[in-house]
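Right, I'll just put the structure down here and ask away after.
Derivation of every value follows stated rules applied to the coordinates shown; laboratory data play no part. None of these values were measured; they are calculated from a predicted model. Neighbour counts are summed over all protein chains in view; Cβ atoms, including those assigned to glycine, are modelled from backbone coordinates with ideal geometry.
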Amino acid sequence: MIITPSFWFRAVVVIAIMVMVYLFLPALIVIPISFTDRYYLSLPAKTLSFAHYAALVTNPMWRDSFLQSAMVSSVSTLLALTLGSAAAIGAWKMGTRLKSVVRMMALMPLIVPTIVGALAYYRLYIHLGLLDTFTGVIITHVVAATPFVFISVSAALGNFDERLEHAARSMGARPLHVLARITLPCIRPGLISGAIFAFIVSWDELVVLLFVTTRNVYLLPRAMWDGINDNVDPTIACVATLMILITLVCLCTERWLAHRNGN
Amino acid sequence: MPRISLPLALAAPAVILIGAMFCLPVLQILALSFTEPRIGLENYVALATDPLYLHIIATTLRICAWTTLVAVVLGYVVAYVMANVTDRIRGWMMIFLLVPFWLSVLVRAFAWSFLLTRNGFVNATLMTLGIISQPLHLLYTETGVIIGMIHYMLPYAVLPMLTTMVGIDKSLVVAARSLGAGPVRTFLRVWLPLSLPGVMAAIVLVFIMSLGFFITPALLGGGKTVMIAQYIQFGISETMNWGVAAAFATALLVAVMLSLVLASRTMRIKNLFGAT
Amino acid sequence: MPNEHARAEPLLRVSALTKKYGDSKALDGVDFSLEAGEFLTLLGPSGSGKTTTLMSIAGFVQPTSGDITHRGKSITRTLPEDRGFGMVFQGYALFPHMTVEQNVKFPLSIRGLPAGEISRRAESALERVQLKAYARRHPRQLSGGQQQRVALARALVYEPEILLLDEPLSALDRKLRGDLQWELRNLNKESATSFLYVTHDQEEALSMSDRIAIFNQGKIVQIGTPSFLYEHPANLFVAEFLGKSNVLDARILGPDEENIAIDYEGGVISIPRSQVATSATGAVSLIVRPHKLRMRPPGHGKLAAKVQAISYVGNAVHHLVRTAAGAPAIIEQVADSALYNPVQGSDVSLHFDVDAITVLEARGDCRKRLAATTDPSPTAKDGK
């Protein structure tokens with residue numbers, strides 16, 4: 001129920017709106033920058049120019065880093081989805097003690113500060129010879145993304161009635177058969193959500209990249225980081241704009257799917 | 001042949017991967033802080049005595065404290081409004097909250113680095129409104145870093161508080177008003193106390209995230225404002241001082257763990273990580 | 001000879017089944033057997049062990065000790081998917097992502113039957129529950145009663161020997177429950193499948209079952225046909241759980257040839273040994289069913305009482321009275337009968353035939369029983 005808004009509430013709403021403007025608008029500044037007609041970071045002076053967008057495709061550094069990111073993130077998402085959902089389903093079937101151990105392990109990458117993890121990876125990869133390799137980076141992305149898949153799939157399992165599994169088993173279905181034909185189809189929204197969040201996490205990851213990669217593996221966030229530190233090329237604004245778009249698409253898809261499944 | 005339990009087989013790959021490739025290496029870093037370059041506590045002694053390190057710790061704590069304070073206060077206002085509007089409006093507000101939430105921190109920091117320049121958007125607006133006469137020096141200062149960090153942390157502050165507030169029984173507010181309490185008193189005596197668990201969660205979450213923050217302070221601090229995370233990277237790439245870097249990392253980890261333990265006394269951890 | 005033994009062996013036998021969770025016993029030595037084609041109900045209050053027993057038979061709960069045999073072969077360690085029983089759940093457990101038809105076909109597709117055979121059997125299963133027209137719908141488009149019938153069709157389509165039912169009707173409203181009870185009974189009699197039914201609703205149990213096993217605190221306290229249990233309850237729990245009972249405190253005075261003399265509020269009464277179902281020697285309870293208790297004008301019966309309240313339940317009238325010593329009693333009479341019908345507040349005298357009485361153990365626990373033997377007057381506060 002909504003009570004008639006008092007003066008105080010209206011005042012508070014105004015403040016809230018200002019805060020949300022502060023939250024939402026700043027990132028949008030990159031959009032006009034990406035269309036600037038000058039060759040340095042600036043707002044468009046006379047006309048809008050698509051030159052920098054063209055540079056995204058023609059400049060091998062941007063093009064290759066984009067493709068590398070796409071490849072790494074796709075592979076990482078698939079792996080994180082598999083590992084994370086399996087762990088969530090396993091934990092769901094376990095007794096309380098074991099379940100909290102698994103849950104704690106699965107959420108560790110969220111709890112430990114990223115910088116600490118980055119340091120740990122760096123030292124480990126020196127020993128293992130995985131510095132600046134795709135395998136090394138993919139492992140870090142899978143570890144970072146798995147908690148998100150775990151949370152998403154666990155939430156979906158919260159709404160899944162285990163008696164559906166009992167019913168299937170009582171009719172003679174083997175456990176793996178039950179998993180494939182009953183459980184997974186019923187938690188599909190959670191799987192898709194988890195995959196989308198895993199992709200975003202992998203796509204945006206930078207801190208660990210700074211520690212474990214140099215030249216050979218050059219992903220998009222790294223390219224952006226170098227670009228921002230050089231602070232000249234407006235192409236980085238184009239990348240930023242595209243990243244806003246991709247995030248928006250992923251989010252809207254996820255929300256639309258959630259809405260469709262009656263969330 | 002003994003049957004391997006299906007639940008264990010399902011959970012094993014993730015647990016083994018995270019355990020071997022993440023947890024163990026992190027523990028090794030912890031150990032490193034006590035063994036490099038010599039076995040002992042000298043790294044921690046240095047942390048506690050060397051003026052440079054103390055300055056970094058103080059800077060970090062100061063920035064984190066300000067960020068947490070402002071983010072939680074502003075976040076409270078947003079959460080309050082979101083909890084008290086219709087579902088439809090809340091849905092729209094949620095989108096405005098979630099888009100920046102999921103947007104790359106790099107994009108956001110980059111945007112701020114453009115907005116905070118001397119003739120950037122922020123200064124221009126403030127001067128137009130007549131609040132200042134001279135452009136403020138915002139970029140590459142502590143203030144700039146705090147502005148950028150608050151921007152990142154706001155959704156993390158709003159979400160736990162929103163979860164708690166949505167669960168507050170609205171009829172309690174109606175009851176208080178019907179008993180004669182005005183809006184301010186109702187807020188102070190009924191709503192605020194009931195919303196405190198969410199506030200605690202928000203404070204803990206924002207604080208522990210701010211402690212280890214890297215990208216925003218690096219981009220907006222410009223080498224002048226140095227927080228712990230930046231120094232760790234500097235220590236590895238420039239001075240090769242593994243011992244101190246590991247000590248800082250360990251201190252960070254311990255601070256985070258302690259905060260979580262404290263928080264788990266007041267509310268369930270699950271809410272922190274299920275807040276999306 | 002093996003064949004002789006096979007004939008004597010029941011379809012399912014449960015022996016000394018025990019299940020402990022830590023220190024508490026959910027099941028404490030459960031023994032019973034199920035014959036082919038039988039409708040056996042496990043009846044009891046919540047937490048009495050009936051669902052745990054059913055789940056042990058299904059294979060989802062591992063008993064701590066005891067054995068379950070199917071046709072003489074032990075299945076205690078067998079996996080649920082290998083036991084070959086059918087199962088119906090309280091929440092129907094229909095697969096939401098499949099149509100009604102696909103749900104019913106599921107168990108057949110696991111058994112690797114040819115597609116034509118699967119379609120044929122699924123169709124006839126749906127016809128048996130009158131839901132052939134709903135084959136293409138999804139479960140959420142069906143009502144509760146329809147969903148339950150689909151669940152039945154799905155569980156019976158592969159013709160299991162035993163169907164396990166876990167309170168399948170408790171989520172439905174009363175009228176629907178009544179209709180489905182008839183359907184369940186018919187399904188049992190028309191097919192060769194034994195039904196093992198769990199419920200806490202004693203009216204349901206009485207109306208549907210061939211036999212009832214009454215559970216209390218992890219044990220079966222009595223097992224038998226509905227009429228036998230109703231007429232000859234073995235203890236106070238059964239007498240009060242199954243149908244209504246009037247309980248009057250009493251004391252055994254001593255044997256009196258083939259009868260036992262019992263002293264109660266209405267005086268001394270001589271009861272045949274066959275109606276005494278307790279070995280207690282001091283305080284006991286006299287049980288009389290409400291429809292066997294009569295009211296007469298004051299002075300014309302065995303026991304003085306006052307009418308406290310009257311309630312009409314459609315086909316019957318209940319008079320709630322209180323005796324002079326404060327014991328409550330209910331008299332049930334068929335409505336519109338010419339029997340005595342006093343108003344609230346009237347004084348009446350209660351009457352009953354001696355053969356309407358069962359003598360059972362006294363109310364309260366052992367300690368109270370010991371106290372009662374030292375204190376001659378049965379105290380009215382010994383209620384539960």
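Would you mind giving the mean number of other chain beta-carbons within 10 Å of the Cβ of each residue in A:237-244, as a whole number?
Shielding by partners across A:237-244 averages 4.
Then there is this: Take the alpha carbon gyration tensor of the stretch C:107-257, find the square roots of its eigenvalues, order them as a ≥ b ≥ c, and report rounded if a/c is under 1.5; if not, report prolate when a/b exceeds b/c, else oblate.
In terms of gyration-tensor shape, prolate.
With a cut-off of 8 Å between alpha carbons and a minimum separation of six or more residues, what is the relative contact order of chain C in percent?
15 percent
My understanding is that a pair violates if its Cα-Cα distance is over 28 Å; which of C:LYS73/C:LYS189; C:LYS219/C:LYS306; C:LYS50/C:LYS292 do that in this structure?
Among C:LYS73/C:LYS189; C:LYS219/C:LYS306; C:LYS50/C:LYS292, the Cα-Cα distance tops 28 Å for C:LYS219/C:LYS306; C:LYS50/C:LYS292.
Relative contact order of the stretch B:50-273, please, whole-number percent, based on alpha carbon pairs below 8 angstrom and at least 6 residues apart.
Over the stretch B:50-273, the number comes to 28 percent.
While we're here: Once amide H atoms are placed 1.01 Å from N in the peptide plane, what residues at a sequence separation of 5 or more from C:GLY29, or on another chain, have their amide H within under 5 Å of its amide H?
Under 5 Å from the amide H of C:GLY29 lie the amide H atoms of C:LEU17, C:THR18, C:LYS19, each far enough along the sequence or on another chain.
Could I ask something else about it? Across the Cα atoms of the stretch C:1-103, what radius of gyration and what greatest pairwise Cα-Cα distance (Dmax) are found, in Å?
Computed over the Cα atoms of the stretch C:1-103, radius of gyration and Dmax are 15.7, 51 Å.
Stick to the Cα atoms of chain C, pair each with every other, and give me the Kirkwood hydrodynamic radius in Å at one decimal.
23.7 Å
Roughly how big is chain A's charge dipole about its Cα centre, with Cβ charges of +1 (Lys, Arg) and -1 (Asp, Glu), in debye to the nearest 20?
Rounded to the nearest 20 debye, it is 840 debye.
What angle, in degrees between 0 and 90 and rounded to the nearest 10, separates the Cα long axis of helix A:188-204 from the longest principal axis of the Cα atoms of chain A?
So the helix axis and the longest Cα principal axis differ by about 30 degrees.
Where the Cα atoms of the stretch C:222-339 are projected onto their three principal axes, how long is each span, largest first, in whole Å?
For the stretch C:222-339, the Cα extents along the three principal axes come out at 41, 37, 23 Å.
Over the whole of A:159-169, what's the average partner chain Cβ count within 10 Å per residue? Rounded to a whole number, please.
Per-residue shielding by partner chains comes out at 6.
Would you mind calculating the relative contact order of the stretch C:209-279 from Cα pairs under 8 angstrom and at least 6 residues apart, reporting the percent as a whole number?
Worked out over the stretch C:209-279, it gives 18 percent.
Something else: Using the C-alpha atoms of the stretch C:304-360, what convex hull volume per residue, in cubic angstrom, is computed?
106 Å³
If you don't mind, another one. Within the stretch C:126-189, report the trypsin sites (Lys or Arg not before Pro) that DSSP leaves as loop and that have at most 12 other Cβ atoms within 10 Å.
C:ARG136
Most fluctuating residue of C:GLY145, C:GLY22, C:GLY224 in a GNM of chain C with Cα springs under 10 Å: which is it?
Most flexible of the set in this elastic network: C:GLY22.
More than 32 angstrom separation, counting every C-alpha pair in the stretch C:2-231; what % is that?
Summing the P(r) of the stretch C:2-231 above 32 Å gives 19 percent of all pairs.
Does chain A come out rounded, prolate or oblate, given a ≥ b ≥ c as the square roots of the eigenvalues of its C-alpha gyration tensor, rounded meaning a/c under 1.5 and, failing that, prolate meaning a/b above b/c?
oblate
How would the stretch C:174-272 be classified by its alpha-carbon gyration tensor: rounded, prolate or oblate, with rounded meaning a/c under 1.5 and the a/b versus b/c comparison settling the rest?
Judged from the Cα gyration tensor, the stretch C:174-272 comes out prolate (a/c at least 1.5, a/b above b/c).
A follow-up question, please. Loop sites only, by DSSP: take the trypsin sites (Lys or Arg not before Pro) in chain B that have at most 15 other C-beta atoms within 10 Å and name the longest stretch containing none of them.
B:119-223
May I pose another question? Once you treat every alpha carbon in the stretch A:71-218 as an equal point and sum by Debye, what is log10 I(q)/I(0) at q = 0.09, 0.12 Å⁻¹?
Here log10 of I(q) over I(0) equals -0.33, -0.55.
May I ask you to list the GluC sites (Glu not before Pro) in the stretch C:233-278 that are in a DSSP loop and have at most 14 other Cβ atoms within 10 Å of their Cβ?
When the GluC sites (Glu not before Pro) of the stretch C:233-278 are filtered for loop state and at most 14 Cβ neighbours within 10 Å, C:GLU257, C:GLU258 remain.
Could you tally the net charge around C:LEU43, taking each other residue with its Cβ under 12 Å from the Cβ of C:LEU43, Lys/Arg +1 and Asp/Glu -1?
-2
Under the √(5λ) rule applied to the eigenvalues of the Cα gyration tensor, what semi-axes describe the equivalent ellipsoid of the protein assembly as shown? Give them in Å, descending.
They are 71, 34, 28 Å, listed from largest to smallest.
While we're looking at this one, here's another question. In 10 Å bins starting at 0, how do the alpha-carbon pair distances of the stretch C:211-253 split up by percent?
Percent of Cα pairs in each bin: 27, 51, 19, 2.
Restricting the calculation to Cα positions, tell me the Rg (one decimal) and the Dmax (whole number) of chain B in Å.
Using the Cα atoms of chain B, the pair Rg, Dmax is 22.6, 82 Å.
Also: Is there a quick way to get the dipole size of the protein assembly as shown? I mean about its Cα centre, with the Cβ of Lys and Arg at +1 and of Asp and Glu at -1; what is the value in debye to the nearest 20?
1260 debye
Can you say what percent of the DSSP beta bridges in chain C, counting only those with both residues inside, are antiparallel? Round to 5.
80 percent
What does the average come to when, for each residue of peptide A:83-89, you count the partner chain Cβ atoms lying within 10 Å of its Cβ?
Counting Cβ atoms of other protein chains within 10 Å of each residue's Cβ and averaging gives 5.
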